Amino acid sequence: MEDLLLKTNDIGFVGDNSLLENTKVEALFALGNLKFPTRKDEAWKYTSLKSVQNRKFVTGDLLKSDKLEDFKVADMEANVLVFVNGHYSEEQSTILENNTDKIVISSLKAALNDNNNELSAYFGQTGSHTEEIFTALNTVNTKDGVLITVKENTVIEQPIHIINITKGTDIVAHPRNLFVAGENSMVKIISSYETEEGSSFTNSATEIMVHKNAMLDYYVLQNESVESVQVNNVHVIQKDNTNFSITTITTDGGLVRNNLKIEVDGKHCETKLYGLYFLRGTQHVDNHTYVDHIDTDCMSEELYKGVMNDQSTGVFNGKVFVHREAQKTNAFQSNKNILMTDEATIYSKPELEIYADDVKCSHGSTTGQFDEEALFYLRARGIDETSARKLLVDAFASDVLNNINIPALKEKVEARVDASLN
Amino acid sequence: MLKITDLKAKVEDKVILRGINLEVKLGEIHAIMGPNGSGKSTLASVLAGKDSYEAEGTVEFLGQDLLDLDPEERAALGVFLAFQYPVEIPGVSNMNFLKTAINSIRKQKGQDPMVAKEFLARVKEKSALVELDAALNSRSVNEGFSGGEKKRNEIFQMAMLEPKLGILDETDSGLDIDALRIVANGVNTLKNEDNAFIIITHYQRLLDYIIPDFVHVLYNGKIIKSGDKELAKELEAKGYDWLKEEAEAV
């Protein structure tokens, strides 16, 4: 693991008096105490990172992407920020919205050079960089990432699409994002993770602050190569009357671990967490989610669905924590899985921890085989086997996909889901 | 049109059909009756192409051996099985399902997809035939349907697909008298000189509404007696035991 540490100090580091210095120093100190997780740790019981520890990863250069059109969402007018091997490619990016009275969309590096106030105010404010080892590693090592700050009373129509590409063999990248939705604002953000060539270790960390009355929809598309490893930390703080949704779609990748933490630190909030994972070969995808209900009158809804083919493994661990003060919380959590073969595995653990006494909460988990009876029924009506399987799998995925509120994006995800069946 | 010769079938070494011979001509209705476990539903499943059965013999249908074909190919050729237990498919709307089915069959026949207007007109006409609430079409296939609605949905699908051979597998079981009448009316309306039906049933009562040309009794994987509609009435009155004894005495 020392390979991953302190390889670079491209931006903001100890002694440079930059805006990020303090946070970086905190992360560095934290790394002295945080242990690299093993399967003995409860949160990593089903996901081993041994293979990561034993691999030598190297930093990569800023290269030109030759497959950008494949990675973009067709027919979606969007602000597109392209990163290759963790470096911002200004040349390949397209920022449509330049009015800084409405929004700042910037690479971290540029924001740092501009002495962006919000960057200094919010970077590291979730505290994850001192609590969680991969966020700490990211904080120390990141080369660049994205800052988005939406101003008060602003609706941003065009989505912001951040495309993180790796190109090369065993490349390490630490994309770092900070999104701040100002009061009464509205924005949609997409992060996608792609392998253009070879393999990578992507250690992504994203902090999201949703201020009063704001709405933020976040979509994460994971589609890296099967030789790649990704750890993706997302930490969200919601204030009063906010709506936040996150949809995580994993259609490819070797080993993927998602840590999603949402602090619902306000009243009358709505939080939605959706996930879809379509696995094959020996892929391993682990979704850990944590919803922290701190205040009253909030609603959270979680639905994660997976299809495991071949010898793949899925892990779902979703926790909803309802504090004593968080009365009138409605929290629903569901995880549904289909195992396509006898060798595929799912570890599913939905958890509720409730200290308030006036709440409505439920959780559930189901795992089943592919429905052969339904397949025969469709075929007996004239639908060929491939189309029938596709129809059934699409149907299974539909209640997650129907929550994607950008039609062009939904189409892309559906195409990816279908492709992952073959 | 359909000629079944020495059809045998087993599932996991358990022999269920022990040599069925049956010929069905266009314009005919055949009823297959028999006690529980005689192999009636297996016969229906084997004809439709369920692959959990190992079948041998020949099933000649419009010049092809059905046993060589996939279920979807049989459907395209005009075989339709009304399921005894219609499957619920959450997330697939009844309409989308039907449209996909019709167009898959048309594609296999080298025809263009049905235009939306024609499709909708046909949906309207055929759902009225089985008195199926139009609202059900926007719901997922069979999900949350009552028992009677599921069976009527089967007949509705049959009406939409207009098969050459309709096989009704205990469509009458669990139906109240009104639903039974609706189902029978559907079949009688669809029946013409250019198609045929095999009605599998436990009870004679459906045959009061759908008059069969032939009645066959299936027992222990074989047809042990064939006759006309009077045979069904005799079975209703006397039960199956006399036939079982007759069969075992041979």
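Work out the FRET efficiency for A:Thr341 and B:Lys233 from their Cβ-Cβ distance, taking R0 = 60 Å, and round it to the nearest 0.05.
0.70
Have a look at the DSSP beta bridges in chain A and tell me what percent are antiparallel, nearest 5.
In chain A, DSSP labels about 5 percent of beta bridges as antiparallel.
Could you tell me which of rounded, prolate or oblate describes region A:121-224, using a ≥ b ≥ c as the square roots of the eigenvalues of the alpha-carbon gyration tensor, with rounded for a/c under 1.5 and, failing that, prolate when a/b is larger than b/c and oblate otherwise?
On the way: a/c = 2.97, a/b = 1.51, b/c = 1.97.
Since a/c reaches 1.5 but b/c is at least a/b, the shape of region A:121-224 is classed as oblate.
I need A:Leu31, A:Leu81 ordered by Cβ neighbour count within 10 Å, fewest first. Kindly include the intermediate steps, with their values, before the conclusion.
Working: A:Leu31 20, A:Leu81 26.
The most exposed by this proxy come first: A:Leu31, A:Leu81.
Rounded to the nearest Å, what's the spacing between the alpha carbon centres of region A:327-395 and region A:180-217? Just the number, please.
Centre-to-centre distance over Cα atoms comes out at 27 Å.
What is the local net charge at A:Thr345, summed over the other residues whose Cβ is closer than 14 Å to its Cβ (Lys, Arg +1; Asp, Glu -1)? Kindly include the intermediate steps, with their values, before the conclusion.
Numbers: positive: A:Lys45, A:Arg280, A:Lys349; negative: A:Asp286, A:Asp310, A:Asp342, A:Glu343.
Residues near A:Thr345 contribute -1 overall.
Residue farthest toward the positive end of the dipole of chain B, with Cβ of Lys/Arg at +1 and Asp/Glu at -1: which of B:Val92, B:Ile167, B:Ile177?
B:Val92
How much net charge surrounds A:Ala27 when only other residues with a Cβ under 13 Å from its Cβ are counted (Lys, Arg +1; Asp, Glu -1)?
Numbers: positive: A:Lys24, A:Arg176; negative: A:Glu21, A:Glu26, A:Glu131, A:Glu132, A:Glu207.
In short, -3.
About the Cα centre of region A:15-96, what is the dipole size in debye to 20, counting +1 per Lys and Arg Cβ and -1 per Asp and Glu Cβ, all else neutral?
Rounded to the nearest 20 debye, it is 840 debye.
Using only helices, what value at 222 nm comes out for the protein assembly as shown when you add -39,500 (n - 2.57) per DSSP H run of length 4 or more and divide by the total residues, to the nearest 500 deg cm²/dmol?
Computed ellipticity for the protein assembly as shown at 222 nm equals -7500 deg cm²/dmol.
If I take R0 = 30 Å and measure r between the Cβ atoms of A:Asp310 and B:Ser52 in this structure, what FRET efficiency does the formula 1/(1 + (r/R0)^6) give, to the nearest 0.05? Provide the component values of the computation, followed by the final result.
On the way: r = 23 Å, r/R0 = 0.76.
Efficiency for this residue pair is about 0.85.
Which Cα, out of B:Ser38, A:Val104, A:Phe370, lies furthest along the positive dipole direction of the protein assembly as shown (beta carbon charges, K/R +1, D/E -1)?
Toward the positive end, the furthest listed residue is B:Ser38.
What list of ³J(HN,Hα) couplings, whole Hz, do you get for region B:48-62 from phi and the Karplus terms 6.51, -1.76, 1.60, once you set θ to phi - 60° and write x for glycine and proline?
7, x, 5, 8, 6, 9, 9, 10, 9, x, 10, 10, 7, 9, 6
With only Lys, Arg, Asp and Glu charged, each at its Cβ (+1 for the first two, -1 for the last two), find how big the charge dipole of chain B is about the Cα centre; round to the nearest 20 debye.
Numbers: 31 positive and 41 negative charges, 107 e Å.
Charge dipole of chain B: 520 debye, to the nearest 20.
Residues of region A:285-306 with backbone nitrogen within less than 17 Å of a virtual label 7 Å along the Cα-to-Cβ line of A:Gln53, please, listed as ranges.
Output list for this probe position: empty.
Please give the helix B:229-238 orientation as an angle from the longest Cα principal axis of chain B, in degrees from 0 to 90, rounded to the nearest 10.
Long axis of B:229-238 versus the principal axis of chain B: about 60 degrees.
Which of A:Val320, A:Val52, A:Val226 comes first, and how do the rest follow, when ranked by fewest Cβ neighbours within 10 Å?
A:Val226, A:Val52, A:Val320
Between A:Ser387, A:Gly266, A:Thr149, whose Cα lies farthest towards the positive end of the dipole of chain A when Lys and Arg beta carbons carry +1 and Asp and Glu beta carbons carry -1, centred on the Cα centre?
Of the candidates, A:Ser387 comes out farthest on the positive side.
Going Cα to Cα from A:Lys328, which aspartates and glutamates come in below 12 Å? Please leave out same-chain ones fewer than 8 positions away.
Straight-distance partners of A:Lys328: A:Asp295, A:Asp297, A:Asp357, A:Asp358.
At 7 Å along Cα-to-Cβ for each site, give me the label-to-label distance between A:Ala74 and A:Asn403 in nm.
About 2.7 nm, to one decimal.
How do A:Ile404, A:Ile171 rank when sorted from fewest to most other Cβ atoms within 10 Å of their own Cβ?
A:Ile404, A:Ile171
Just to be sure I understand: of the beta bridges DSSP finds with both ends in region B:1-111, what percent are antiparallel, rounded to 5?
In region B:1-111, approximately 100 percent of DSSP beta bridges are antiparallel ones.
Search the structure for amide H atoms under 5 Å from the amide H of A:Lys336, placed 1.01 Å from N in the peptide plane, and list their residues when 5 or more places away or on another chain.
A:Tyr304, A:Lys305, A:Gly306, A:Thr366
Using amide H atoms built 1.01 Å from N in the peptide plane, name the residues 5+ places from A:Thr247, or on other chains, whose amide H lies under 5 Å from its own.
Here A:Tyr218, A:Tyr219, A:Val220, A:Tyr274 satisfy the definition.
Working out 0.36 nm times the residue gap between A:Lys67 and A:Glu157, then minus their Cα-Cα distance, what length gain in nm do you get to one decimal?
Value of the extension gain: 29.8 nm.
Nearest 10 degrees is fine. How inclined is helix B:147-161 to the longest principal axis of chain B, computing both from alpha carbons?
The angle comes out at about 70 degrees.
So if I place +1 on the C-beta of Lys and Arg and -1 on the C-beta of Asp and Glu, and nothing else carries charge, what would the dipole magnitude of the protein assembly as shown be about its Cα centre? I want it in debye, nearest 20.
In total the dipole reaches around 400 debye.
With both bridge residues required to lie in region A:48-163, what share of the DSSP beta bridges run antiparallel, to the nearest 5%?
Just about 65 percent of them are antiparallel.
Please give me the summed charge of the neighbours of A:Leu221: other residues whose Cβ is under 15 Å from its Cβ, Lys and Arg +1, Asp and Glu -1.
Spelling it out: positives minus negatives among the neighbours equals -3.
More than 23 Å apart: what percent of Cα pairs in chain B qualify?
Of all Cα-Cα pairs in chain B, 50 percent lie more than 23 Å apart.
Rounded if a/c is under 1.5, else prolate if a/b beats b/c, else oblate: with a ≥ b ≥ c from the C-alpha gyration tensor eigenvalues square-rooted, which is region A:2-265?
Rounded is the answer for region A:2-265, as its axis ratio a/c remains below 1.5.
Does region B:71-136 classify as rounded, prolate or oblate by the C-alpha gyration tensor (a ≥ b ≥ c root eigenvalues; a/c under 1.5 gives rounded; else a/b over b/c gives prolate, otherwise oblate)?
Here region B:71-136 falls in the oblate category.
Show me, for region B:8-25, the HN-Hα J-couplings you get by feeding each phi into the Karplus relation (A = 6.51, B = -1.76, C = 1.60, θ = phi - 60°), rounded to Hz, glycine and proline as x.
10, 8, 9, 10, 6, 6, 8, 7, 10, 9, 10, x, 9, 10, 7, 10, 10, 9
Pick from A:Ala136, A:Ala43, A:Ala331 the residue whose mean-square fluctuation is largest in a GNM of chain A, springs joining Cα atoms under 10 Å.
The residue that fluctuates most here is A:Ala43.
If you take the beta carbon distance between B:Ser226 and B:His202 as r and set R0 to 22 Å, what does 1/(1 + (r/R0)^6) give as a FRET efficiency, to the nearest 0.05?
The formula returns an efficiency of 0.80 here.
Which entries of B:Lys14/B:Lys164; A:Lys412/B:Lys117; A:Lys305/A:Lys410 show an alpha-carbon separation above 27 angstrom in the structure shown?
Exceeds cut-off: B:Lys14/B:Lys164; A:Lys412/B:Lys117.
Hey, what do the phi angles of region B:30-39 turn into as Karplus ³J(HN,Hα) couplings, whole Hz, using 6.51/-1.76/1.60 and θ = phi - 60°, x for Gly and Pro?
These are the phi-based 3J(HN,Hα) values: 10, 9, 10, 10, x, x, 4, x, 7, x Hz.
Quick check: the distance between the Cα centres of region A:95-140 and region B:45-98, to the nearest angstrom?
For region A:95-140 versus region B:45-98, the Cα centre distance is 59 Å.
With the crude spin-label approximation of a point 7 Å out along Cα→Cβ, what separation in nm comes out for A:Lys349 versus A:Asn330?
3.0
Read-outs throughout are calculated quantities, based only on the coordinates presented, and are distinct from any laboratory measurement. In this text, all values refer to a predicted model and were calculated from it rather than measured experimentally. Counting neighbours? That spans all protein chains shown, and the Cβs are built from the backbone with ideal geometry, glycine included.
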